[in-house]
Amino acid sequence: PRSVRRHGDYRAVGERTDNAQQSDFATTFGRAAHEPVAPALRQIREILAVAVATDQQHDLLMAMAVQQIAAPTFAERERAAFVQQRFAVEGLEADIVYPAGNVFARLPGSGQARPVVVSAHLDTVFPAGTDLSLVRSAEKISGPGIGDNSLGVAGLFGLLWELRQREIKLPGDLW
């Protein structure tokens, strides 16, 4: 079974180890979990509902790209590097936190509310060497790991793209 660790267990981001360069995530979210963020969450839910109903193609292409990178549990480094690189292409500062290999990126808000965290896991249950071929029809795409959890990872980008397309700046940071 996977061990679960609090965000505080990963104090330094990437290779940085000095206290002056600690992750904004680790210092911010120790406080944020207890403060209300309902308006921002409601806004994010509404945006996602419209995005899913109107423009799925970009998100599906991202999900297919993510799915093509093998990511068995505890072996997600290549997928994490891809996600970090894609966040960088989108203009976000993204860090991989080791040893777990989690990727954190921040879309700055207006500073008027606490941050909101939207997350997806990178790993799949499929072992290394699994054939990652996709089968695509007019109605569905199927293949190992497309739903667990390539769609979730692609959804992170879908939210970012939709916020930008609508020119929405959230009241708090989006992690």
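The values are calculated or read from the model by the stated rules, or taken from the named source; none is laboratory data. The structure presented is a predicted model; accordingly, all values stated were derived computationally and were not measured. Don't worry about glycine lacking a Cβ; one is built from the backbone with ideal geometry, like all the others, and counts go over all protein chains shown. Accessible surface areas use protein heavy atoms only, side chains included; no ligands, DNA or RNA. Shrake-Rupley method; radii C 1.70, N 1.55, O 1.52, S 1.80 Å.
On the basis of being free of Cβ contacts under 8 Å to residues at least 12 places away in the same chain, open to solvent by less than 50 Å² (accessible area, probe 1.4 Å) and farther than 23 Å from residue 91 by Cβ, does residue 142 make the cut? Considered against the rule, which asks whether it is free of Cβ contacts under 8 Å to residues at least 12 places away in the same chain, open to solvent by less than 50 Å² (accessible area, probe 1.4 Å) and farther than 23 Å from residue 91 by Cβ, residue 142 comes out as yes. Filtering the stretch 70-107 to residues that are without any contact (Cβ under 8 Å) to a residue 24 or more places away in the chain, under 21 Å from residue 129 (Cα atoms) and open to solvent by less than 50 Å² (accessible area, probe 1.4 Å) leaves 81, 82.
Take residue 128 and decide whether it is buried (at least 16 other Cβ atoms within 10 Å of the Cβ) and either over 16 Å from residue 117 (Cβ atoms) or in contact with a Ser or Thr (Cβ under 7 Å, 6 or more places away or on another chain) (or both).
Working: buried (at least 16 other Cβ atoms within 10 Å of the Cβ): no; either over 16 Å from residue 117 (Cβ atoms) or in contact with a Ser or Thr (Cβ under 7 Å, 6 or more places away or on another chain) (or both): yes.
Here the answer is no, as residue 128 does not meet what is asked.
Examine the stretch 51-61 for a residue that is closer than 19 Å to residue 157 by Cα and part of a loop (DSSP other than H, G, I, E, B), and state whether such a residue exists. Yes, some residue in the stretch 51-61 is closer than 19 Å to residue 157 by Cα and part of a loop (DSSP other than H, G, I, E, B).
On the basis of being open to solvent by 40 Å² or more (accessible area, probe 1.4 Å), out of contact with any Asp or Glu (no Cβ under 7 Å at 6 or more places or on another chain) and aliphatic (A, V, I, L, M), does residue 120 make the cut? Against the criterion (open to solvent by 40 Å² or more (accessible area, probe 1.4 Å), out of contact with any Asp or Glu (no Cβ under 7 Å at 6 or more places or on another chain) and aliphatic (A, V, I, L, M)), residue 120 does not qualify. Applying the criterion of being closer than 13 Å to residue 61 by Cβ and not polar (S, T, N, Q) to the residues of the stretch 136-154, the residue that is farthest from the chain's Cα centre (by Cα) is 136. Would you say residue 113 is open to solvent by less than 60 Å² (accessible area, probe 1.4 Å) and either over 20 Å from residue 174 (Cα atoms) or out of contact with any helix residue (DSSP H, G or I) (no Cβ under 8 Å at 6 or more places or on another chain) (or both)? So residue 113 fails the test.
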